[in-house]
2 protein chains.
Amino acid sequence: MIDINKAIEALNWQKEPRGLYEPIEYTLASGGKRVRPTLTLIAAEAIVNGSLLNGDAIEQALPAALALEVFHNFTLMHDDVMDRASVRRGQPTVHVKWNDNTAILSGDQMLIEAYKLLSDVPADKLPQVLKWFNEMATGICEGQQLDVDYEHASQVTIEEYLKMIELKTAVLIANALRTGGYIAGANAAEQQALYEYGRHIGIAFQVQDDILDVYGDPKTFGKAIGGDIVCNKKTILLLTALENADPESKAELLQWLMATDCDAQKIAAVTAIYNRLEVREVCEAVMEEQTALALAELDKLPQNEATEKLRQLAERLVTRNS
Amino acid sequence: MIDINKAIEALNWQKEPRGLYEPIEYTLASGGKRVRPTLTLIAAEAIVNGSLLNGDAIEQALPAALALEVFHNFTLMHDDVMDRASVRRGQPTVHVKWNDNTAILSGDQMLIEAYKLLSDVPADKLPQVLKWFNEMATGICEGQQLDVDYEHASQVTIEEYLKMIELKTAVLIANALRTGGYIAGANAAEQQALYEYGRHIGIAFQVQDDILDVYGDPKTFGKAIGGDIVCNKKTILLLTALENADPESKAELLQWLMATDCDAQKIAAVTAIYNRLEVREVCEAVMEEQTALALAELDKLPQNEATEKLRQLAERLVTRNS
């Protein structure tokens with residue numbers, strides 16, 4: 001198996017002008033779980049092992065894997081400017097360490113670098129991989145815009161919310177898997193299965209994230225519990241509560257949404273309403289359904305060690321607490 | 001000949017979410033001279049007519065031509081945020097009409113849209129066109145960063161300045177021409193000649209822009225004369241003056257660079273120093289040299305109506321006054 005961290009470290013950012021490349025180097029060196037490129041390589045492995053082709057195909061999937069990781073980090077750099085986020089992976093964000101213009105321009109260059117990496121995809125596979133990459137990138141920008149729109153919207157349905165997180169999070173994971181499989185020689189049904197598996201775990205992951213923000217273990221969660229409640233984020237928990245509440249609970253909930261000066265009390269009160277309305281159970285059911293749909297897709301793939309890794313990933317997702 | 005304005009108008013931005021696509025539509029509808037895509041098509045025409053192939057090749061160059069125009073407008077959208085420019089083509093810039101985040105996100109989407117258009121390049125030509133596009137885009141980001149760096153630098157050489165404008169302006173024009181020619185079947189020598197022609201007229205154009213900012217006809221120039229002098233922009237005129245000045249003139253010039261409250265006087269005084277040092281003549285010689293180099297490249301191309309258009313463009317450049 002290719003060491004994805006080493007491959008990312010091996011990318012060369014020792015170029016001039018430093019003001020352009022140093023923030024890219026800084027961002028990529030700050031870690032992260034490398035989930036997306038790892039999934040690209042596992043998908044390639046699943047297909048190669050299955051069809052008994054040689055291991056070169058996994059090597060051939062590496063440029064696309066790297067492109068997806070660089071692209072993901074580009075979205076974080078620009079998102080952090082737009083969200084005015086000051087910390088990412090325990091370090092100051094680029095627009096804080098440098099300035100807004102640096103984050104904009106180095107982010108642009110990072111998006112271009114992703115396309116540069118992509119251009120190393122074997123020529124016969126490039127048109128399709130580029131087309132999918134562009135669709136994915138478009139989905140993510142659309143999802144980001146919807147997220148902004150929904151922040152100001154008076155009403156958002158759960159369906160709209162799920163569509164938004166699908167675009168913002170799931171299509172990147174789905175495309176990472178499909179692209180890896182395609183480069184390794186997956187047929188159309190396998191490409192589709194990899195995409196759908198990724199889409200469903202992507203949605204499940206984001207729903208679980210919303211749940212953990214309220215119900216996670218403070219010792220392992222990493223962030224402060226209740227952050228979404230404090231800032232009235234329209235998570236699936238809040239939307240479920242608003243949709244399922246009796247008039248009295250709804251009024252109480254809306255009252256708390258207006259509170260801004262008593263965070264601990266607000267978290268406790270809103271959590272109590274969630275508990276009463278069994279919001280956690282409803283959302284966990286959504287997550288478990290998405291996970292089950294993901295697992296079902298795996299049956300359409302060759303069964304081997306790599307597919308088993310994808311199965312375990314989906315199963316761990318449901319039980320993670322951080 | 002393809003009507004490039006109609007082709008740009010025919011791009012569909014009637015998509016959701018509107019917050020993402022409306023600023024793109026607004027920017028592309030605001031006009032501009034469409035120089036870059038026009039050059040792509042003329043280059044294709046020059047090669048096709050020359051080799052007596054059919055006109056399909058010009059049609060095939062259209063997606064790349066559009067990609068280059070969309071890309072160019074993406075750079076303007078992000079540059080305007082970074083430069084805090086409030087007006088572009090007589091209209092409020094996107095970050096003024098909407099906000100910074102909109103300009104960042106719609107700009108990102110515009111860059112992705114450029115790559116989408118590019119993916120319609122014939123598959124056998126795509127790897128090379130994508131590789132060149134990425135190199136060009138990188139050059140433009142590097143040029144933008146150098147421009148920022150030089151703003152704060154105590155000393156910039158004319159050589160450094162020419163390299164910066166080559167990256168910021170000329171490589172896009174050069175690549176527009178080379179790409180059009182390549183898609184139409186240009187051989188390696190013709191590709192190179194188109195690129196070099198574009199690079200030289202790109203540099204000449206930017207040098208001429210600097211000259212016109214001081215010596216242009218106020219009736220036709222469009223902007224206020226002397227804007228660069230007022231804000232101490234390190235144009236080739238200022239750099240030439242600083243490099244060629246006797247100690248006395250240099251001291252006088254540096255003194256005026258510190259003045260901030262007497263624009264008209266400052267413009268008159270700095271222009272007088274330029275006149276004394278014959279800065280205009282030196283810079284015009286640079287521009288004429290670049291134009292001559294551009295024209296020489298045309299001799300390496302098939303001689304036809306399209307090549308003649310390129311010749312006239314270079315010749316008009318030297319005598320333009322707006």
Quiz prompt | Filtered residues of region B:80-96 (kept if in contact with a helix residue (DSSP H, G or I) (Cβ under 7 Å, 6 or more places away or on another chain) and more than 9 Å from chain A (Cβ to nearest Cβ)) | solution = B:D80, B:S86, B:R88, B:T93, B:V94, B:H95
Exercise. Kindly indicate the residue of region B:265-281 that is open to solvent by 20 Å² or more (accessible area, probe 1.4 Å), in contact (Cβ under 8 Å) with a residue 24 or more places away in the chain and of a type in the set (A, V, I, L, M) and also farthest from B:E243 (Cα to Cα) among those meeting that condition.
Key: B:I267
Exercise. Those residues that are more than 26 Å from A:G143 (Cβ to Cβ) and polar (S, T, N, Q), I need them from region B:20-37; list them, please.
Key: B:S30
Quiz item: Taking region A:282-303 on its own, how many of its residues are more than 19 Å from A:A170 (Cα to Cα) and surrounded by 15 or more Cβ atoms within 10 Å (Cβ to Cβ)?
Solution: 3
Exercise. Take region B:245-264 and flag every residue that is touching a residue at least 12 places away in the same chain (Cβ under 8 Å), more than 20 Å from B:D213 (Cα to Cα) and open to solvent by 10 Å² or more (accessible area, probe 1.4 Å).
Key: B:A245, B:E252
Quiz prompt | Sole residue being at the interface with chain B (Cβ under 8 Å from one of its Cβ atoms) and out of contact with any Cys (no Cβ under 7 Å at 6 or more places or on another chain), chosen from A:L111, A:L105 | solution = A:L111
Exercise. Kindly indicate whether B:E315 is at pLDDT 95 or above and either open to solvent by 80 Å² or more (accessible area, probe 1.4 Å) or touching an Asp or Glu at 6+ places or on another chain (Cβ under 7 Å) (or both).
Key: no
Quiz item: Out of all the residues in region B:55-106, which are without any contact (Cβ under 8 Å) to a residue 60 or more places away in the chain, among the hydroxyl-bearing types (S, T, Y) and open to solvent by less than 10 Å² (accessible area, probe 1.4 Å)?
Solution: B:T93
Quiz item: In region B:231-244, which residues are surrounded by fewer than 22 Cβ atoms within 10 Å (Cβ to Cβ) and not in a helix (DSSP H, G or I)?
Solution: B:C231, B:N232, B:K233, B:K234
Quiz item: Any residue at all in region B:1-22 that is buried (at least 24 other Cβ atoms within 10 Å of the Cβ) and within 14 Å of another protein chain (Cβ to nearest Cβ)?
Solution: yes
Quiz prompt | Some residue of region A:40-54 being open to solvent by less than 30 Å² (accessible area, probe 1.4 Å) and within 30 Å of A:L146 (Cα to Cα) | solution = yes
Self-check item: Matching residues, region A:119-132, being at the interface with another protein chain (Cβ under 8 Å from one of its Cβ atoms) and either in contact with a Lys or Arg (Cβ under 9 Å, 6 or more places away or on another chain) or open to solvent by less than 10 Å² (accessible area, probe 1.4 Å) (or both)
Solution: A:S119, A:L126, A:L130, A:K131
Quiz prompt | Residue that is most open to solvent (accessible area, probe 1.4 Å), among those in region B:141-154 that are acidic (D, E) and facing chain A (nearest Cβ under 8 Å) | solution = B:D149
Quiz prompt | Single match in B:T138, B:T157, B:T169 (criterion: open to solvent by 30 Å² or more (accessible area, probe 1.4 Å) and β-branched (V, I, T)) | solution = B:T157
Quiz item: Taking the condition more than 14 Å from chain A (Cβ to nearest Cβ) and surrounded by 19 or more Cβ atoms within 10 Å (Cβ to Cβ), does B:G216 pass?
Solution: yes
Self-check item: Criterion: of a type outside the set (K, R) and under 17 Å from A:A314 (Cβ atoms) - qualifying residue of A:A170, A:A189
Solution: A:A170
Practice problem: Kindly provide the set of residues from region B:174-200 that are under 13 Å from the mean Cα position of the chain (by Cα) and open to solvent by 10 Å² or more (accessible area, probe 1.4 Å), ordered by number. | Solution: B:R199, B:H200
Self-check item: From A:L293, A:L301, A:L310, residue being modelled with pLDDT of 95 or more, assigned to a loop (DSSP other than H, G, I, E, B) and more than 23 Å from A:Y150 (Cα to Cα)
Solution: A:L301
Quiz item: Considering A:S154, A:S106, which residue is more than 30 Å from A:R178 (Cβ to Cβ) and polar (S, T, N, Q)?
Solution: A:S154
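The values are calculated or read from the model by the stated rules, or taken from the named source; none is laboratory data. Note that the structure is predicted; figures quoted are calculated from it, not measured. Positions of Cβ are backbone-derived with ideal geometry, glycine not excepted, and every protein chain shown enters the neighbour counts. Surface areas here come from the heavy atoms of the whole protein model, side chains and all, with no ligands, DNA or RNA. Shrake-Rupley method; radii C 1.70, N 1.55, O 1.52, S 1.80 Å.
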